[in-house]
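Participant: What follows is a single structure, and I will ask about it in a moment.
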Amino acid sequence: MRTGRQYAETLSDDRAVFLEGERIKDVTCHRAFQGIVQSISEMFDAAADPCNGMLYCSPETGGEANKVFMIPRSRDDLVERRKSITRWAETSYGFVGRSPDHVGGFLAGFASSPDTFNDGVRAFGENVVRFYRLVVDRSLFVTYVIIPPQADQSVASRGPGDKRLQVGVQSEQDAGMIVSGSQMLGTSTAVSDYLFVSCMKPLTGLDESYALSFVVPVNAPGVKVYCRRPYATEQASAFDYPLSSRFDETDALVVFDKVFVPWESVFVYRNPERVRRQFFDTPAHVLGNSQAQIRLATKMKFVLGVARKIAEVNNLDGIPSVQEKLGELASLSSLVEGMVLAAESAAVTDSNGVVKPNPRFLYCAMGMQAEIYPRAIQLLRELAGGGVIQLPSSYRDLLSDVTRPDMERYLHSPHLPATKRVQLFKLAWDIIGSEFAGRHLQYEMFYAGAPFVARNYAFRNYGFEEALKPVETFLSSYDINR
Ligand SMILES: Cc1cc2nc3c(=O)[nH]c(=O)nc-3n(C[C@H](O)[C@H](O)[C@H](O)COP(=O)(O)OP(=O)(O)OC[C@H]3O[C@@H](n4cnc5c(N)ncnc54)[C@H](O)[C@@H]3O)c2cc1C
């Protein structure tokens, strides 16, 4: 089983990652990435440790594998998968969104349904299965860019001679295709092994050149990773920014500059309908996004715990209106957890024998996520008050002989010495107020599409017959005459 060290070593591969106008020599030696590399390494180490119960014998490869990559074929499999995803989420308290199990879930869904990819000309289904086996066998970290860069999204930008910025086929060769363009928003791409590239936004017959699905190593010639401003570099210390310094996933715009993609790495070629079907006619979207909800459940519990501790530390938790706030936060947290368990308990089996979380409950949670997470952050913000601002400029104020006496006198709480109190409130600030916190709010609202898109999934997957039937029954039980 791949260890954290083995993972980190593979990242020194001359990948083209850019920050502040310069190409980074080695991501493992740069402060912007060291925290997240360490955090992902810890995940691989946790998986490799048999005590954590994450290992199984994969029927797809015949070898030892990590359960997070599993194609679930029974309810028990789903439970085991959830426990392993939770174990990983707990290593970052839910603050690493695009750990290897996210796209791993999509790839498991693809591989369970290879026929969806075969177009009668090329056996793309074999490529899908082969790549999935590689991922399982080597515990690869795959991230994805499946959204075109934000620019002109109107239909008028399409059609012959269009000037879209989205990645598309530039030319075809005997051995593969050449692609150019860009795609957003490669979370953790700078520190992953492979990139899955496709398009989640609806495509039409005018979009064939962009209707692609393929994988490419992050260090492939022509792949350029332009990271947003990192949050880990400027922070004084882990004590001052405990989350930013460890879990900054460095989202990036990815540019493809005449990248050669061999046919063996292509899953869909010039086929808008198949691009859509890969996500929704296979369990891919459900498996990938159920990882996201399992992770969110872990994060919500952590946010709730921080809120409860702040109320305790400030001696506020006996006040009824404070208890009401904590009760609301507890309800939000339980809602996410409850939907994860409901989706698992009411799991459905598809025509290939894959047992997947029930889409009704999965998409219900996703449809509400843009309300649930911001509300939870708002509640924590209310409980924290000015305590997250009344903080020393850095840990040095707590160490210096000049400032320490005042810090100790004026920043302690009845139950906590100053250092412990400051530690707690600095953590709260990294959840509600730092740049990292702002990015997380944006992430939870948008990672699976804009909020209206997530609600559309809930609309399409509810199964309205069940709601309509009793209405029809009731309406037919009386009429204008009685
Ligand atoms: C922190 C973060 C990390 C991300 N990581 C990844 C990643 O790793 N890989 C990846 O592929 N993507 C990633 N994404 C991108 C994410 O998938 C997109 O942001 C998301 O799909 C929304 O697309 P958009 O940003 O283009 O928003 P838009 O589609 O432009 O929507 C923005 C807003 O415009 C309005 N709007 C747009 N279209 C309509 C419409 N048809 N009807 C009504 N209103 C409309 C809505 O108010 C909507 O909220 C990430 C995003 C964030 C914020």
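Participant: Hey, among Val255, Val268, Val215, Val225, which residue is within 13 Å of the ligand (Cβ to nearest atom) and closer than 26 Å to Gln150 by Cβ?
Facilitator: Selected residue: Val225, the only one of Val255, Val268, Val215, Val225 that is within 13 Å of the ligand (Cβ to nearest atom) and closer than 26 Å to Gln150 by Cβ.
Participant: For segment 228-266: of the residues being in contact with an Asp or Glu (Cβ under 7 Å, 6 or more places away or on another chain) and not aromatic (Phe, Trp, Tyr), which is surrounded by the most Cβ atoms within 10 Å (Cβ to Cβ)?
Facilitator: In the first step, residues of segment 228-266 are kept if they are in contact with an Asp or Glu (Cβ under 7 Å, 6 or more places away or on another chain); the result is 228, 230-232, 241-244.
Checking the rest, the ones that are also not aromatic (Phe, Trp, Tyr) come to 228, 230, 232, 242-244.
Details: Arg228: 15, Pro230: 24, Ala232: 23, Pro242: 20, Leu243: 26, Ser244: 24.
Residue satisfying both the conditions and the ranking: Leu243.
Participant: Keeping to segment 434-457, report how many residues are small (Gly, Ala, Ser) and open to solvent by 30 Å² or more (accessible area, probe 1.4 Å). Give the derivation first.
Facilitator: Within segment 434-457, the subset small (Gly, Ala, Ser) is 434, 437-438, 448-450, 454.
Still in the running and open to solvent by 30 Å² or more (accessible area, probe 1.4 Å): 438.
Within segment 434-457, residues that are small (Gly, Ala, Ser) and open to solvent by 30 Å² or more (accessible area, probe 1.4 Å) number 1.
Participant: Among the listed residues Ser213, Ser209, Ser198, which satisfies the condition of being small (Gly, Ala, Ser), more than 17 Å from Leu11 (Cβ to Cβ), in the same structural domain as Ser99 (by TED's automatic domain parsing) and at pLDDT below 95? Break it down stepwise before answering.
Facilitator: Working: Ser213 fails: at pLDDT below 95; Ser198 fails: at pLDDT below 95.
Within the list Ser213, Ser209, Ser198, the selection yields Ser209.
Participant: Determine, yes or no, whether Arg396 is outside the structural domain of Thr187 (by TED's automatic domain parsing), away from the ligand (no atom under 16 Å from the Cβ) and in contact with a strand residue (DSSP E or B) (Cβ under 6 Å, 6 or more places away or on another chain). Lay out the reasoning, then the answer.
Facilitator: Numbers: outside the structural domain of Thr187 (by TED's automatic domain parsing): yes; away from the ligand (no atom under 16 Å from the Cβ): yes; in contact with a strand residue (DSSP E or B) (Cβ under 6 Å, 6 or more places away or on another chain): no.
No: the conditions fail for Arg396.
Participant: Looking at Gly385 and the list (1) at negative phi; (2) more than 16 Å from the ligand (Cβ to nearest atom); (3) open to solvent by less than 50 Å² (accessible area, probe 1.4 Å); (4) in a helix (DSSP H, G or I), which single condition is not satisfied?
Facilitator: Condition not satisfied by Gly385: (1).
Participant: With respect to Arg138, determine if the residue is under 19 Å from the mean Cα position of the chain (by Cα) and either open to solvent by 10 Å² or more (accessible area, probe 1.4 Å) or at pLDDT below 95 (or both). Write out each step before concluding.
Facilitator: Numbers: under 19 Å from the mean Cα position of the chain (by Cα): no; either open to solvent by 10 Å² or more (accessible area, probe 1.4 Å) or at pLDDT below 95 (or both): yes.
Spelling it out, it is not the case that Arg138 is under 19 Å from the mean Cα position of the chain (by Cα) and either open to solvent by 10 Å² or more (accessible area, probe 1.4 Å) or at pLDDT below 95 (or both).
Participant: Scan the helices (runs of 4 or more DSSP H) fully inside segment 409-473 and keep the ones with 3 or more residues being away from the ligand (no atom under 16 Å from the Cβ) and within 15 Å of Ile310 (Cβ to Cβ). Give the derivation first.
Facilitator: Working: elements: 418-432, 435-446, 451-461.
Of the helices (runs of 4 or more DSSP H) lying wholly inside segment 409-473, those with at least 3 residues that are away from the ligand (no atom under 16 Å from the Cβ) and within 15 Å of Ile310 (Cβ to Cβ) span 418-432.
Participant: Out of all the residues in segment 82-97, is one or more in contact (Cβ under 8 Å) with a residue 60 or more places away in the chain, touching a strand residue (DSSP E or B) at 6+ places or on another chain (Cβ under 7 Å) and in a helix (DSSP H, G or I)?
Facilitator: Within segment 82-97, not a single residue is in contact (Cβ under 8 Å) with a residue 60 or more places away in the chain, touching a strand residue (DSSP E or B) at 6+ places or on another chain (Cβ under 7 Å) and in a helix (DSSP H, G or I).
Participant: Out of all the residues in segment 37-60, which are touching a residue at least 40 places away in the same chain (Cβ under 8 Å), surrounded by fewer than 20 Cβ atoms within 10 Å (Cβ to Cβ) and within 20 Å of Tyr132 (Cα to Cα)?
Facilitator: Ala48, Leu55, Ser58, Glu60
Participant: I'd like to know if segment 354-366 contains one or more residues that are assigned to a helix (DSSP H, G or I), open to solvent by less than 70 Å² (accessible area, probe 1.4 Å), farther than 28 Å from Leu287 by Cβ and modelled with pLDDT under 95.
Facilitator: Restricting attention to segment 354-366, the residues satisfying the condition of being assigned to a helix (DSSP H, G or I) are 359-366.
Right, trim to open to solvent by less than 70 Å² (accessible area, probe 1.4 Å) and you get 359-366.
Filter once more, keeping what is farther than 28 Å from Leu287 by Cβ: none.
So far as segment 354-366 goes, no, none of its residues is assigned to a helix (DSSP H, G or I), open to solvent by less than 70 Å² (accessible area, probe 1.4 Å), farther than 28 Å from Leu287 by Cβ and modelled with pLDDT under 95.
The values are calculated or read from the model by the stated rules, or taken from the named source; none is laboratory data. All of these numbers come straight from a predicted model, not from anything done at the bench. Backbone-built Cβ (ideal geometry, glycine too); neighbour counts: all protein chains shown. Keep in mind that these areas ignore ligands, DNA and RNA; they rest on the heavy atoms of the full protein, side chains included. Shrake-Rupley method; radii C 1.70, N 1.55, O 1.52, S 1.80 Å.
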